[in-house]
Amino acid sequence: MSTYYVTTPIYYVNSTPHIGTAYTTILADTTARMKRMLGQDAYFLTGTDEHGDKIAKAAAAQGRSPQEFVDEISAQFRKLWPHVYVAPNRFIRTTDPDHYAVVQRILQKLHDQGDMYYGEYEGLYCTGCERFRTEKELVDGKCPDHGTEPERIREANYFFRMSRYQEWWRTYIEQHPDVVRPERYKNEVLGYLREPLEDLCISRPKERLSWGIELPFDRNYVTYVWFDALLNYLSGIGFDGDPKWSDRWNACEHLIGKDIVKPHGIYWPIMLHAAGFPVFQHLTVHGYWNFRDAKISKSSGKPIAVDPLIDLFGADAVRYFLLREMVVGLDASFSIEAMLKRVNSDLANDLGNLFSRVAKLIGDHFEGRIPAAATGNTELESIASSILASAPEWVGEMKWHVLIEETMQLVRATNRYFESSAPWGLVKNDPAAAATVLHNCCESLRIAAVVLHPVMPGKMVELLSRMGEPAQDFRLAEHAKWGLIRTGARMQKGDALFPRLEEGDVRARMSDLFESGTAPAQAPLQNDTPPEEQITIDEFKKIHLRTATVVAAEKLQGSDKLLKLQVDVCGHVRQIIAGIAQYYSPDDMVGRKVIVVANLKPAKLRGEMSEGMLLAVKWDDRLEVLAAPDDTPSGAPIS
Ligand code: MSP
């Protein structure tokens, strides 16, 4: 059995899991599941990156020890993954003792063979990226990814002679043109290689940062966090003695987001080569999930949490949406509206509804047993066989959106066949013909469920078991072939597999993710709510809250949720689109003294500019706009 090994980046524990980090993890999990269905021995590694400046600072900001802090946040990742069917073979932490030992061993080796030297360095360090940035990489003096000014650091450190291996890596890429993919990211890597590479600073003096892995050859220093973190890919597969280690390493596929191409596309292959290991098979780079045009993340945008989406849509639908919607290599936009639409149309309608209708007719007319067919259906058979033939290639190239779409085409073609054959009418005059149609529909549904099993492991097992297919280790070649449905098996309709979600319910539960001009809803505080993330007074001062007077209001055309308000802030009238139409009529609003976030970046909502945000309080199913005292002038600052 051939081996497959897939990794995700290990996530920094200064942020709890969100849609961005969940995406790579779900992509890796689904791929590992499919590789097993293709007969490979797949190993899937994910985990948390727990050392470094950023983590030490985050722990200190909460007045906690780094260890206590990392234990808590790492556990949040570990707890979340099973909720979304993510099942890694190992969850590695860079604080694990075996990882610690591997890092020290490799450092010692590189040191012994003369790849390290000690020297003084001055540079611009971005804690967000945990790396030095060159002047050229900055935009207006700030890090382009974090929008912060890097810190100038001058200190004596150990350096890894990366420049020695620059030429080797450039030639390697030429000879293995898809080692970094898609193409645009290979070009990014080649771009770095066009300039002379600076040697990599791989240590931090303990007097500045003690939270890290001690250098084996100098106890006054700890290891630079990227050097430590990248080595998880070796330690996480049993570096110290697992007989499967080298097979796994030789089959390694890394998945990363586009923010960390340089460490993975430059530092890592050079570290590997210098230490005497072959490089990975592929480094596959995906784009960002954005929300309202900003990257979903803790530092630059809204970190959309996964659990509330699982509660609302179900884990299978969350996985389906993320994999269907993103084309690996390009950015994708997250919106709750798009998710609702996708889940309702593909899963509730096309797939779930077809299953219910077929199961109902079989229940009503064939004693709940899958009837025999006189003939197959050439169109459906040919779509199914082309999916079977192409699936390994799509999966190898991480084209999950194609695999899903082609499988949904099979489901849609089956719906058309069902509609045009009208088995509900046929049963009366020609039950054998109706039996053929229903049998073929079952066969299509069965194949679609087998193919989509890695994407939606929960619901597809349920669908199959309702057709009398026991849960088992499915194999694509064996189980996705046409003609295997068990005639006579019991078909159970059951409740809707994917209940249709009503927009109103989703809005009520996810109001902060819908387009609206009211402040985002925060989770209500409860006795057991952990302490909220703290911000400094300076950060708070960045938000300009001001009193304002509503001078005109009207309903926004085409929306029953939004009001278009004209508000006066200090003599200047500006427009705010607010999601309050279900609670206030336009007349209720005119003349009110309200509080607005005055320096919010303008955004277009339903085609209309919104230049600010009203403060409102929301609880249960009520909402009340916060009022400023009647006699305050408009534009007065609130502090
Ligand atoms: N700890 C480093 C990685 C070390 S790997 C040896 C790190 N961690 S991170 O927590 O910042 O996670 C980065 C990864 O999370 C990205 O590369 C990507 O895989 C995923 N994503 C985080 N936000 C994302 C989006 N908004 N969109 C898509 N993926 C994103 O960097």
For region 610-624, enumerate the residues that are in contact with a Lys or Arg (Cβ under 9 Å, 6 or more places away or on another chain) and without any contact (Cβ under 8 Å) to a residue 60 or more places away in the chain.
Glu611, Glu624
Counting residues that are in contact with a strand residue (DSSP E or B) (Cβ under 7 Å, 6 or more places away or on another chain) and open to solvent by 30 Å² or more (accessible area, probe 1.4 Å), which strands (runs of 3 or more DSSP E) fully inside region 538-613 reach at least 2?
545-555, 563-569, 572-578, 608-610
Just give me the residues in region 1-59 being under 21 Å from Tyr85 (Cα atoms), part of a helix (DSSP H, G or I) and aliphatic (A, V, I, L, M), in sequence order.
Ile19, Ala22, Ile26, Leu27, Ala28, Ala32, Met34, Met37
Residues in region 395-450 that are among the basic types (Lys, Arg) and free of Cβ contacts under 8 Å to residues at least 12 places away in the same chain: how many?
2
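I need the full set of residues from region 281-323 which are in a loop (DSSP other than H, G, I, E, B), within 27 Å of Pro177 (Cα to Cα) and within 12 Å of the ligand (Cβ to nearest atom), in order please. Before you say what the answer is, go through the steps one by one.
Looking only at region 281-323, we keep the residues that are in a loop (DSSP other than H, G, I, E, B), and these are 281, 287-288, 292-293, 296-306, 314.
Next, from what is left, pick out any that are within 27 Å of Pro177 (Cα to Cα): 281, 287-288.
Scanning region 281-323 gives Gly287, Tyr288.
Has region 86-96 got any residue that is outside the structural domain of Pro454 (by TED's automatic domain parsing), hydrophobic (A, V, I, L, M, F, W, C), open to solvent by 30 Å² or more (accessible area, probe 1.4 Å) and in a loop (DSSP other than H, G, I, E, B)?
Within region 86-96, the first condition is being outside the structural domain of Pro454 (by TED's automatic domain parsing), and the residues that meet it are 86-96.
Restricting the remaining residues to those that are hydrophobic (A, V, I, L, M, F, W, C) gives 86-87, 91-92.
Cutting the leftovers down to open to solvent by 30 Å² or more (accessible area, probe 1.4 Å) gives us 87, 91.
Adding the requirement that they be in a loop (DSSP other than H, G, I, E, B) leaves 87.
Checked against the condition, which is being outside the structural domain of Pro454 (by TED's automatic domain parsing), hydrophobic (A, V, I, L, M, F, W, C), open to solvent by 30 Å² or more (accessible area, probe 1.4 Å) and in a loop (DSSP other than H, G, I, E, B), region 86-96 yields at least one hit.
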How many residues does region 1-56 hold that are more than 8 Å from the ligand (Cβ to nearest atom), β-branched (Val, Ile, Thr), under 13 Å from the mean Cα position of the chain (by Cα) and open to solvent by 10 Å² or more (accessible area, probe 1.4 Å)?
1
Would a scan of region 223-234 turn up a residue that is of a type in the set (Ser, Thr, Tyr), open to solvent by 10 Å² or more (accessible area, probe 1.4 Å) and either more than 10 Å from the ligand (Cβ to nearest atom) or more than 30 Å from the chain's Cα centre (by Cα) (or both)?
no
Name the one entry in Phe313, Phe280 that is touching a Pro at 6+ places or on another chain (Cβ under 8 Å), outside the structural domain of Trp400 (by TED's automatic domain parsing), over 29 Å from Gly147 (Cβ atoms) and not small (Gly, Ala, Ser).
Phe280
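Considering only region 324-334, state which residues are open to solvent by less than 20 Å² (accessible area, probe 1.4 Å) and within 11 Å of the ligand (Cβ to nearest atom). Even if it seems obvious, please write down each step before you answer.
Looking only at region 324-334, we keep the residues that are open to solvent by less than 20 Å² (accessible area, probe 1.4 Å), and these are 326, 329, 332, 334.
Residues satisfying the conditions are Met326, Ala332, Phe334.
The values are calculated or read from the model by the stated rules, or taken from the named source; none is laboratory data. Keep in mind that this is a model prediction, so the values were computed, not measured. All Cβ positions, glycine included, derive from the backbone under ideal geometry; neighbour counts span all protein chains shown. Protein only, heavy atoms only, side chains kept; ligands, DNA and RNA dropped before computing areas. Shrake-Rupley method; radii C 1.70, N 1.55, O 1.52, S 1.80 Å.
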